[in-house]
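Working notes, structure below.
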Amino acid sequence: MTSPPAGPPSGTPAEKNDGAHPATVPSPDTDDAVLLTTGQKRRAVREERRQAKDAAYELRQERKRAKDGTSLRGHHIVNAQGLAEAFPPPESPELETFTVRRRILHGSILVILLALLVAGLVLAGMVQRGELDLRPGYSKPTPPPESCPSEILSYAPNTSVTVNVFNGGSTEGRAGQVAEDLKKRGFVVKDIANTTTELAAPSVIIAGPQGHAAALTLQKNFPNSEYVEDKRVDATVDVILTANYGDLVPEIKVDMEPGVLSCPRLSPPPSTPAVATPVPTAAK
């Protein structure tokens, strides 16, 4: 066997071709051109054109949706018509007359039951507060009518009577002046102030059950006065001087005989006085 001829040594430049065309070295561009055939180039061009058309179409659609107001950021906006189409109103067939009447009856019964429940709660509250008693035969006691004390009272010593003087008229300083006059007669004056009253008597004498005798003593000193009783528990007496007040009874003309309290405004007039144990009087 014959061995092939030895080529030029490695690293030795190749000899020039003897032919007419010199030898060429392939470039990178030439390699790429070789890899892409003509058909592949055509397909790539067509794909680029198709993608460009799709992008242009999407852009036109986006602009159109932005103009008609039915989309926002790629999402469809549902209007009233769309809602009506998606959720049609339910059919409402006419109810029979019997059904309507039955519903009205049920509603009326419910209202009556609620009213009874509220009334029961109100009555229970009244019973709990003592405003109503449901016991058989029970009736709330009526307060006794106001009456004037009818017992005969003795004239109490002036020095044992404690009195508060109030000016119920428009004359300034009247209560202070009357208080000084009472002090001169021996009465103990505690308070002096202004007040109001609707009574028309010249003066009003106010006391409690323990002050009947002291009230009689003051009525003997105030002409045409009227007695009014309250709930106080001590024997102090209030004297209110109204706008019709005139003056005290002169001291030498004061009647110190036993008597009854005067209550002109009460009707009927006081009953026949009952005899009471006389109280010793002190000479003035």
query = Peptides 211-219, 155-163: what's the order by average Cβ count within 10 Å, highest mean first?
reply = 211-219, 155-163
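Quick one: if the Förster radius is 30 Å, what FRET efficiency do GLU180 and GLN210 give, using the C-beta to C-beta distance and rounding to 0.05? Don't skip to the end; give the middle numbers.
Working: r = 27 Å, r/R0 = 0.88.
According to the calculation, E is roughly 0.70.
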request  = Can you pull the one-decimal nm distance between simple spin-label points at ARG103 and SER160, each 7 Å off the Cα toward Cβ?
outcome  = 8.7 nm
ask   = Fully extended, how many nm does the chain gain between GLU198 and HIS75 (0.36 nm per residue separation, minus their Cα-Cα distance)?
value = 35.8 nm
FRET efficiency, 1/(1 + (r/R0)^6) with R0 45 Å, evaluated for GLU62 and THR37 via beta carbons = 0.75
Radius of gyration and Dmax over the Cα atoms of the stretch 158-253, both given in Å = 11.9, 33
note = Contour minus Cα-Cα span, ARG265 to ASP230, at 0.36 nm per residue, comes to 11.1 nm
note = Rounded to the nearest 0.05, FRET efficiency between VAL118 and GLN51 (Cβ-Cβ, R0 51 Å) equals 0.05
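We did not get these values from a lab; they are worked out from the coordinates using the rules stated. Just so we're clear, the structure is a prediction, and the values are computed from it rather than from any experiment. Cβ atoms come from the backbone with ideal geometry, glycine included; neighbour counts cover every protein chain shown.
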